[in-house]
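Worksheet for the structure shown next.
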Amino acid sequence: MKEKVKKTYKTIRKSIVEYIITNRLFISYVILAIIGTMFLRYFTLGTFFYFKSFITDLAVILIIGGLGYFVKPKNQFKYYFIWLIIFTIINVVNSIYYKFYVNFTSVGYLSTLSQAETVTGSIFEKVSFYDVMYILVPVIFYVIHKKLLASSYYYFVDKIEKGKKMVVTTLLVGILCLGYSFGTATGTDYSRLAKQWNRVYVVERFGILLYQINDVVQVLRSQLSSLFGEEEALEAFNAYFDQKEEHIDNEYTGILEGKNIILVHLEGMQTFLMDLEFNGQEVTPNLNKLASEGMFFSNFYPQVSTGTSSDTEFTILTGLMPAASGAVFTSYYDRNYFTIPKYLNNLGYYTFSMHGNSDTMWGRNLAHPSLGYEGMYFESSFTYKDEDVINLGINDQLFFKQAIPIMENIENTYENYMGYVITLSNHSPFSDAATHSILDLTTHYTKIDENTMEEIEMSVDYLSDTSVGEYIKSANYADIALGDFINYINESDAFDNTVFVFFGDHDAKLNRSDINYLYNLNPETGKTYEETDKEYVEYDYYDHELNKKTPLIIWTKDKSLKNVFKGEITYYTGMYNVAPTILNMYGLYNKYTVGDDIFNSKDDNIIVFPNGNILTEKVYYNNSTGEYKVLEDGASLDEDYISDISLIGENRLEISNYIIVYNLLNQVSMTGE
């Protein structure tokens, strides 16, 4: 018996050795490919090895690699090399993309690559060695190939390889791995894989390669909407809005009838800046003054996806969510949307948009007419020199200075108007605008002189050269420009019948460690405090997500409304609440929104983010992990609360995306009849 076991062991060992010797190229391909996916997981999700995603990635690698045995050994290098290059591109693109959006990219976002020329500085600023180290994978594979070539490996394998048998065997192993992955998946896993909107969860559970394959399928499916799914989408659309509660008037209904309105889109302005002060200087004194004079929504949250600023425009004006794949402005601009400009245009209002950048940025030259703007004032409407450019276009101070005469002329020409003004300077990278700020970020502290044992006053500026420091200074410059704009408005004879809505479009896209440096900077060392230090301030995942809120302020110099738009509104508010709220103020109602009038939903409002995360006054829910943070100290949640809001969030995301992809508003009227 012992001899039989020994013989079996030798046979197995011999088979393994023979397999390794005769399949060195294939094994190298598999190892290098799987290492690439593991490093991507580590540098994005923070986990080097997670069995379920590992086994799924391995399955895809084996299935693709198994087909390589159909190719003659001397040509197999080319086959595997091409696939390793494809895997490398996937890893590099997703690694860089994750830094900007804390998410994974989609083939559908390739349409947004035309915007890259305007954010090249941001890309190069964030790229690190870890983002390009994946290139070593095909390089190492090429070196291995050269070694094998020199050793007559291909000639040897060509004589003994049984291609068909290896195809079947390898595919079988790959399919078994895939079978395990799907066999252990839950209903939630399948649902999120199919809908693809929670991309972090899909990559975490199924790996980057299956995610990317599934993404291609989903994008093709959405692009072929006329052939797939429209009937199902329309049925879900009708069911959702048939069950929607009737609109109820509130204390603000009709209050803006006959009034002009201008929405001012403040690039990259976050609310936490309003609480910062350095050496007696407020970071945003003008924004703070606006908040004290107007109606300030202190818990207002962006709901943007990859379209960033353009997603803000879309959601603010429609009450819908951004597209699940791609950006509305570049992929779905030709659909019919019910927007604030369209409703007011029907009342005889002149509608316009204004921006100091090219009208091709985010395809606004095509998207803005679709949103209902009659006039568009972009780069060509302004006069400036090269030295007047900050980042992407004309600096905010000069932009506002030249915008005022245009807006005054519009008031003199039209009885009523609605405008959307987009600022620009506080766009990443923040280093350029930061140089225009005089804000002193020096930190002062005292230390004991070792010789005299006396206290010495010390000062040092560690912040200014950091990402968060440059952002703070950039925002300070943007605030200075905003102050100029408010002064122009107050000094002008126009705008007495106009209401202004100021809002930040999205967070600065700084990662948690960047912001943590602000809160935990040790002025003596320039490093951050450790958790064990008494000065340490906790800044965890939930703190960072909750810190992404941006200001929303309704302000006017109209004497009849000054006391109406006054005070702080603490309701948790999302961007998709803005359109229903403003339309109600004009006595109008758009049934086909997934957001509600905030003065109707109030404390019961639910904010759904494009990644499936959910925020209410009670809880912040992380859809990727299924974990959540209760926001009220000592508060208890009903056991069904999370599942209920999760279902609401999923429905809103699904219905909103159906409207966009399948152009469903083309089949109903703006009046909802």
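Read the figures in this text as sums done on the coordinates, not as results from a lab. What you are looking at is a predicted structure, and each value in this text was computed from that prediction instead of being measured. As a convention, Cβ positions derive from the backbone with ideal geometry for all residues, glycine included, and neighbour counts pool all protein chains shown.
For this structure, a couple of remarks:
- Mean Kyte hydropathy of 1.0 or more with a Cα span along the axis of at least 24 Å, helices from DSSP in the chain: 24-45, 163-183
- Linear extension gain, residue 633 paired with residue 385, 0.36 nm per residue minus alpha-carbon span: 83.8 nm
- Alpha-carbon centroid distance for the pair region 275-324 / region 35-73, whole angstrom: 41 Å
- Among 253-261, 383-391, the order from most to least packed when residues are scored by Cβ within 10 Å on average: 253-261, 383-391
- Full extension of the chain between residue 568 and residue 487 yields a length gain of 26.9 nm, computed as 0.36 nm times the residue separation minus the alpha carbon distance.
- Region 572-615, relative contact order [Cα under 8 Å, separation at least 6], %: 43 percent
- DSSP beta bridges in the chain [antiparallel fraction, %, rounded to 5]: 50 percent
- Using a Förster distance of 51 Å, the FRET efficiency for residue 345-residue 512 (Cβ separation, nearest 0.05): 0.75
- Exposure proxy order (Cβ contacts within 10 Å, fewest to most) of 474, 656: 656, 474
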